[in-house]
1. Would you mind computing, in nm to one decimal, how far apart the modelled labels at D38 and E65 are, each placed 7 Å from Cα along Cα→Cβ?
2. Which log10 I(q)/I(0) values, to two decimals, does the chain give at q = 0.11, 0.23, 0.24, 0.27 Å⁻¹ under the Debye formula with one point per Cα?
3. If the chain between R47 and E72 were fully stretched, how many nm would it gain, using 0.36 nm times the residue separation less the Cα-Cα distance?
4. In Å², and per residue, what accessible area does the chain have when probed at 1.4 Å with the other protein chains present?
5. For the ranges 23-34, 67-78, 51-62, 7-18, what's the packing order if you count other beta-carbon atoms within 10 Å of each residue, average per peptide, and put the highest first?
6. For the stretch 1-63, which whole-number percentage of the solvent-accessible area (1.4 Å probe, protein heavy atoms only) is attributable to carbon and sulfur atoms?
7. Nearest 0.05, what FRET efficiency do D57 and I8 give at R0 = 22 Å with Cβ-Cβ as r?
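The values are calculated or read from the model by the stated rules, or taken from the named source; none is laboratory data. Only a predicted model underlies this, so the values are computations on that prediction, with no experimental measurement involved. Here Cβ is always computed from backbone atoms with ideal geometry, including for glycine, and neighbour counts include all displayed protein chains. Only protein heavy atoms, including side chains, enter the accessible area calculation; ligands, DNA and RNA are left aside. Shrake-Rupley method; radii C 1.70, N 1.55, O 1.52, S 1.80 Å.
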Amino acid sequence: MRARIRTIKPEFWDSERVADVSLNARLTFIGLWTLSDDVGRLRCSARYVKKMLYGYDDDDVMPIERLHAVLEELHEGG
């Protein structure tokens, strides 16, 4: 599985569904696009996602517990 370069369309920011989730969830959602393959599959591991998206940030910026909550928020938001 290999990720490809993705782009964010300007309409993304107009979406009310996107606006209903937190800023951390929006950033994580965009980051997940860069980790997924053409059909949306990616490695199902919060540790992997944290390392790939927040690897250079301090642990208190996105601790694994918060990332779990953000992923759950995205799941509930559809």
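1. Distance between the two pseudo-spin positions: 4.2 nm.
2. The calculated log intensity ratios at q = 0.11, 0.23, 0.24, 0.27 Å⁻¹ are -0.28, -1.21, -1.29, -1.43.
3. This chain segment gains 7.5 nm when fully extended.
4. For the chain, the solvent-accessible area averages 78 Å² per residue.
5. In descending order of packing, they fall as 23-34, 67-78, 51-62, 7-18.
6. Answer for the stretch 1-63: carbon and sulfur cover 53 percent of the accessible area.
7. It comes to 0.60.
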